[in-house]
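**Student:** Structure in structure tokens, see below.
The values are calculated or read from the model by the stated rules, or taken from the named source; none is laboratory data. Since we're looking at a predicted model, the values are computed, not measured. Ideal geometry is used to build each Cβ from the backbone, glycine not excepted, and the neighbour counts take in all protein chains shown. Protein only, heavy atoms only, side chains kept; ligands, DNA and RNA dropped before computing areas. Shrake-Rupley method; radii C 1.70, N 1.55, O 1.52, S 1.80 Å.
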Amino acid sequence: ITFAEEFAHSIRSIFANVEAKLGEPSEIDQRDKYVGICGLFVLHFQIFRTIDKKFYKSLLDICKKVPAITLTANIIWFPDSFLIQKIPAAAKLLDRKSLQAIKIHRDTFLQQKAQSLTKDVQSYYVFVSSWMMKMESILSKEQRMDKFAEDLTNRCNVFIQGFLYAYSISTIIKTTMNLYMSMQKPMTKTSVKALCRLVELLKAIEHMFYRRSMVVADSVSHITQHLQHQALHSISVAKKRVISDKKYSEQRLDVLSALVLAENTLNGPSTKQRRLIVSLALSVGTQMKTFKDEELFPLQVVMKKLDLISELRERVQTQCDCCFLYWHRAVFPIYLDDVYENAVDAARLHYMFSALRDCVPAMMHARHLESYEILLDCYDKEIMEILNEHLLDKLCKEIEKDLRLSVHTHLKLDDRNPFKVGMKDLALFFSLNPIRFFNRFIDIRAYVTHYLDKTFYNLTTVALHDWATYSEMRNLATQRYGLVMTEAHLPSQTLEQGLDVLEIMRNIHIFVSRYLYNLNNQIFIERTSNNKHLNTINIRHIANSIRTHGTGIMNTTVNFTYQFLKKKFYIFSQFMYDEHIKSRLIKDIRFFREIKDQNDHKYPFDRAEKFNRGIRKLGITPEGQSYLDQFRQLISQIGNAMGYVRMIRSGGLHCSSNAIRFVPDLEDIVNFEELVKEEGLAEETLKAARHLDSVLSDHTRNSAEGTEYFKMLVDVFAPEFRRPKNIHLRNFYIIVPPLTLNFVEHSISCKEKLNKKNKIGAAFTDDGFAMGVAYILKLLDQYREFDSLHWFQSVREKYLKEIRAVAKQQNVQSASQDEKLLQTMNLTQKRLDVYLQEFELLYFSLSSARIFFRADKTAAEENQEKKEKEEETKTSNGDLSDSAVSADPVVK
């Protein structure tokens, strides 16, 4: 009976101390003690089979303050369920309404907690931020010896306050999350975000202690000594009071002995065993009113502080342990979505991953699998997949989208006004330090950089002409987001104008119609179709292409050009065979033969004009073009194709000269194969030396002469053009004068459009026509026939005669001072000057183009020269002529 009463009395006494602190801000471990009290109460019932109904009700009333207690991880404990299950007899003493009220109160508690979570987060955010500032402040300043005790007290209070915040926050998180799970109720996104914020605050407290652990450890040592000194002082006062009392008794002696034991134990390190002994000693030493009421409470506070400070690191670590998150992983995607939407607080990711790492130690004790590493791998994979899906991949896509829209602002794809559509500063993600998780560091900056590098590289390889766009996006990523991008180092044949040499080759029919050739500068200029910037292609771009694709691309280009020319010459032949055209040309040839002696062997200008007018009467296209206009375009396209072949050859020479520039002396190149043989080196070295000799030989030959592609394209078509069955083509030379007149009128019209607002069709060069005329005249061997017309002399004399006539008329009219007539004459003179200048430019371009096709020699002279060279080769080389390789097989 005595033991039962003492047992019950002890339970009530402990409960009285615990009840007062439960739910208060200063609560430390009262919930755990409450669980122990309930267990002791059940044990008391099991032993003595007696129930204190009042105390039983008091235990259940705690459910109003604490509806549930988390024992560990996701294991939640309900006091009412425990007591009713373990002591069913007591439950019968209570009415059902009381028991039902507890469950209703639990639901109400959860609803109220969900509503107040946001406010709680705001409050704790302020509290924890303020506490962290106090920690930084108090630990940063030097301790003054005159205020050493005061400083230690302040540090002690700040440390304990941080622990109390950690305990309160941990309790809110565990209780709320586990209640939702236990009661199978869905959490709102707002509640999830709030709870995750509390997790961050919890880890922020832990991180603060960890970051200042050196100073904290040093301070803890001094604080424990200071608290022990305070406790010793209080015990010393009480001991003197006991000694001064002369009444002797065994009880008083036991109290005195207990106080002495407490004193002796406190004089030493504050270990767990010593504190336990002090606690037991004071339980005896505080009997018989040894301490006054105003002395006992401060002593109890000091001892409680001593317990907390002595175990500060362990207690903080326990309260900040977030291993329970393993059972609530479903909140992680929502959390990451929130982080992505609110990039300003991106740094909080470190705290969340620190919390996720807390799950690992507990998982290492798993016994339901062959190896805990299987569980760890699954957990690692799951978290990384969620991170990639809900943050990293979204971030990559958004950054790429932003870069694309920024580079293509001229397209005005959508409204990017930040005042209308808002703006997220995603650059903050890239200022984060790498996040540690398992055996890796998650570097967001490196992840996004790698994604952009890979994307830009792959897309550039697909569309090489977009390299400039991706280069600009790469630079913008560095400028805007601070990302250190890797250069693609892709082949440099890609043109910033948007065309690749392979693309030109495969679509040469489109290229020659859209681009205009400039003979002197060896460039192609895009024909203006709107007011955009003109694209150009020059030798440097071609040389870069050949360097990348190899010299084989040159022969392939000529083959494509040959196929293209075959189709164009078929159309050319049809035009020349047309009865309307052929009959007029024959008439013009007959006419010129009849009047050439009277006209100083010059083809009349008016005859060319008459031919143009006659062709226009045959009909025009919907675009307003005559048949002669279309024929002129055909010849220009043929000339553009030849100009492109010329550029390919020049680019090849440029590429070869760059490749051979490292050879010291082209006249004296050593034979590496012979040198290797002399040294008796390995077979692999001999093969390498042979290959090097071959490469050097090719480069030397290419840089010295190059391939005569023009000659090849002349030789392959000339025999067919000069056959008797194609005699109708022999009339071509006589159509050149009207063609040049048509070309000059077209050229002047294109140049005049350059000064107009609508520049469609504007151009300032088109040497493809001259190249085409020179090429066809060479194929037909009609340079001498055309020169016999003395066409350009006739044109010059005609315009000079008209210019002198206008000048003479101006002198006559200047006396009459008729301003309108003078203005008309000035305009006429300017027009005549422009026409004369255009004809002279065409003459110079045609003369230059003829040089490429050796206009100084006729077909017969070239054949004779060829025979003489062959005879010389046979004489000097003997039978080696049989192994000579002709250039013709390149064209297939």
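**Student:** Being at pLDDT below 70, closer than 27 Å to Glu720 by Cα and either surrounded by 13 or more Cβ atoms within 10 Å (Cβ to Cβ) or among the aromatic types (Phe, Trp, Tyr) (or both): is that true of Lys857 here?
**Tutor:** Against the criterion (at pLDDT below 70, closer than 27 Å to Glu720 by Cα and either surrounded by 13 or more Cβ atoms within 10 Å (Cβ to Cβ) or among the aromatic types (Phe, Trp, Tyr) (or both)), Lys857 qualifies.
**Student:** Next question, about the same structure. Need at least 2 residues that are more than 26 Å from Thr72 (Cα to Cα) and either of a type in the set (Asp, Glu) or within 53 Å of the chain's Cα centre (by Cα) (or both) per element, so show me which helices (runs of 4 or more DSSP H) inside segment 175-290 make the cut, counting only ones lying wholly within it. Write out each step before concluding.
**Tutor:** Working: elements: 189-211, 213-244, 250-266, 272-285.
Qualifying helices (runs of 4 or more DSSP H): 213-244, 250-266.
This table checks each residue for (1) open to solvent by less than 30 Å² (accessible area, probe 1.4 Å); (2) part of a helix (DSSP H, G or I); (3) among the basic types (Lys, Arg).
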position	(1), (2), (3)
Lys305	no, yes, yes
Val316	yes, yes, no
Leu336	yes, yes, no
Phe353	yes, yes, no
Ala362	no, yes, no
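**Student:** Looking only at helices (runs of 4 or more DSSP H) that fall completely inside segment 548-660, which ones have 1 or more residues that are under 51 Å from the mean Cα position of the chain (by Cα) and of a type in the set (A, V, I, L, M)? Steps first, answer last, please.
**Tutor:** Values: elements: 552-577, 579-595, 605-617, 627-660.
The helices (runs of 4 or more DSSP H) meeting that bar are 552-577, 627-660.
**Student:** Kindly indicate whether any position in segment 431-451 is out of contact with any Phe, Trp or Tyr (no Cβ under 9 Å at 6 or more places or on another chain) and at pLDDT below 80.
**Tutor:** No: zero hits.
**Student:** Could you grab me the full set of residues in segment 18-36 that are open to solvent by 40 Å² or more (accessible area, probe 1.4 Å) and under 21 Å from Ile309 (Cα atoms)? Explain how you work it out, then say what you get.
**Tutor:** Of the residues in segment 18-36, the ones open to solvent by 40 Å² or more (accessible area, probe 1.4 Å) are 19-21, 23-26, 32-33.
Listed by number, the residues that qualify are Lys21, Glu24, Pro25, Ser26, Asp32, Lys33.
**Student:** Among (1) within 26 Å of Leu152 (Cβ to Cβ); (2) surrounded by fewer than 12 Cβ atoms within 10 Å (Cβ to Cβ); (3) touching a residue at least 24 places away in the same chain (Cβ under 8 Å), which single condition is Gly268 missing?
**Tutor:** (3)
**Student:** Is segment 102-109 home to any residue that is out of contact with any Leu (no Cβ under 8 Å at 6 or more places or on another chain), among the basic types (Lys, Arg) and either in a helix (DSSP H, G or I) or at pLDDT 90 or above (or both)?
**Tutor:** The answer is yes, given that some residue of segment 102-109 is out of contact with any Leu (no Cβ under 8 Å at 6 or more places or on another chain), among the basic types (Lys, Arg) and either in a helix (DSSP H, G or I) or at pLDDT 90 or above (or both).
**Student:** Within the group Ile589, Ile615, Ile620, which residue is open to solvent by 80 Å² or more (accessible area, probe 1.4 Å) and of a type in the set (Val, Ile, Thr)? Before the answer, list the steps.
**Tutor:** Values: Ile589 fails: open to solvent by 80 Å² or more (accessible area, probe 1.4 Å); Ile615 fails: open to solvent by 80 Å² or more (accessible area, probe 1.4 Å).
Going through Ile589, Ile615, Ile620 in turn, the sole match is Ile620.
**Student:** Let me ask you something else. Suppose the filter is among the β-branched types (Val, Ile, Thr), in a loop (DSSP other than H, G, I, E, B) and either at pLDDT 65 or above or under 60 Å from the mean Cα position of the chain (by Cα) (or both); does Val812 pass it?
**Tutor:** Values: among the β-branched types (Val, Ile, Thr): yes; in a loop (DSSP other than H, G, I, E, B): no; either at pLDDT 65 or above or under 60 Å from the mean Cα position of the chain (by Cα) (or both): yes.
So Val812 fails the test.
**Student:** Test each condition in (1) out of contact with any helix residue (DSSP H, G or I) (no Cβ under 9 Å at 6 or more places or on another chain); (2) of a type in the set (A, V, I, L, M); (3) not in a helix (DSSP H, G or I) for Ala762 and report the one that comes out false.
**Tutor:** Going through the list (1) out of contact with any helix residue (DSSP H, G or I) (no Cβ under 9 Å at 6 or more places or on another chain); (2) of a type in the set (A, V, I, L, M); (3) not in a helix (DSSP H, G or I), Ala762 breaks only (1).
**Student:** Starting from residues that are modelled with pLDDT under 80, of a type outside the set (Asp, Glu) and open to solvent by 60 Å² or more (accessible area, probe 1.4 Å), keep the ones in segment 484-520 and report whichever is nearest to the chain's Cα centre (by Cα).
**Tutor:** His489
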